[in-house]
1. Given the convex hull of the Cα atoms of region 36-93, what is a quarter of its surface area in nm²?
2. Rounded to the nearest 10 Å², what accessible area does Trp163 have for a 1.4 Å probe in the complete protein model?
3. When all protein chains stay in place, what accessible area (Å², nearest 10, 1.4 Å probe) is found for Ser141?
4. Check the straight Cα-Cα distances from Lys159 and name the lysines below 23 Å, setting aside those fewer than 8 residues away within the same chain.
5. Taking all pairs of distinct Cα atoms, average 1/r, flip it, and tell me the Kirkwood hydrodynamic radius of region 1-134 in Å to one decimal place.
6. Based on Cα coordinates alone, diagonalise the gyration tensor for the chain, multiply each eigenvalue by 5, take square roots, and list the semi-axes in whole Å, largest first.
7. Can you send over the solvent-accessible area of Arg171, 1.4 Å probe, protein chains only, in Å² to the nearest 10?
8. Work out the length of the dipole vector of region 143-215 about its Cα centre, built from +1 on the beta-carbon of each Lys and Arg and -1 on the beta-carbon of each Asp and Glu, and round it to the nearest 20 debye.
Amino acid sequence: MEQRHLGRTGLRVSRIGLGTLTWGRDTDEHDAAEQLKTFWDAGGTLVDTADVYGGGEAEYLLGRLMERLVSRQDLVLSTKAGSVPDPDRRTDGSRGHLLAALDASLARLGTDHVDLWQLHAFDPYTPLEESLQALDIAVRSGRARYAGVANFCGWQLAKAGTWQLGGDRTRLAGAQLEYSLLQRGVEREVLPAAQDLGIGLLPSSPLGRGVLTGKYRSGTPSDSRGASETMAPFVEPYLDEAASRIVDAVTTAADGLATTPLHVALAWVRDRPGVTAPIVGARTARQLTAALSVETLSLPDEICRALNDVSAPVHRYPDHDWSTL
């Protein structure tokens, strides 16, 4: 698999990442082992997790698999901290919480460092400089090699990235946000800020929460995330009429290229300007194998233009020159 630099740094990662959102919850150790082995055999290196995935079980499971299946040194390990299971406070970006969470993550993962450590979300109740200082401490102490953020909007990313460029601070290497043909909101401000600051984008849910594979065109399959009690609310927003038109266009493109809608949707986001590596989460190793086989596909320019047109978000003032409005 092709390797890319994460932003304007020396860190190289596979251009498809493996997500572990369901590990330890819907994905057991056997299935997780098959996924990790499949990913590594295909040349994948970037494995993404978080301290809250499966209530910590995803990190623990990944740590066990690195002991016996794939060497730690062969992976680019990314985890996140700051999201908390508290209905009254969804995020905790305090320095104390973040550093304690990192130490707990390292213990579960069975390693002394992660390659990329990310703030999972912006905390409006903690000064941003305090949260960012945790990133600096983590890198200076050797517990993290690179730092990034996730789920920051445009002004938050611009402020954080600019702050980190000043003084003796750790520059942001990556930003993880949802990005697909069904969710192009990052193109408004996040992506321009990331490109200007040299921050690599790591798209999550690059298949539109599974909808872009086309499997929901005739209803909700019984074995899909959309039929799961925990994941159905996650999928439902992308089952509307607008999404259906985009899925139809992706399917038409796939038919014309003699490939699958999954490949078309994944290749589109993988090769967008500013993107380093989409993070793919699969239910089975077979699904993951299908996604990883996109490596040889590059979409023709006319297909990209057609998909861009059918999925184009509406961005008006102040994103466009006001005099043209």
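The values are calculated or read from the model by the stated rules, or taken from the named source; none is laboratory data. Here the structure is a predicted model, which is why all the values come from computation and not from measurement. Virtual Cβ from ideal backbone geometry, glycine too; neighbours counted across all protein chains shown. For accessibility, only protein heavy atoms count, side chains too; no ligands or nucleic acids. Shrake-Rupley method; radii C 1.70, N 1.55, O 1.52, S 1.80 Å.
1. On the way: hull surface 17.4 nm².
Computing the convex hull of the Cα atoms and averaging its projections yields 4.4 nm².
2. Approximately 100 Å² of Trp163 is accessible to the 1.4 Å probe.
3. That residue has around 60 Å² of solvent-accessible surface.
4. Answer for Lys159, where 23 Å is the Cα cut-off: Lys80, listed by chain and number.
5. Details: mean 1/r = 0.0650 Å⁻¹.
For region 1-134, inverting the mean 1/r across all distinct Cα pairs yields 15.4 Å.
6. Details: eigenvalues 174, 125, 69 Å².
Equivalent-ellipsoid dimensions as semi-axes: 29, 25, 19 Å.
7. Counting only protein heavy atoms, the figure is 80 Å².
8. Numbers: 9 positive and 5 negative charges, 49 e Å.
For this selection, approximately 240 debye.
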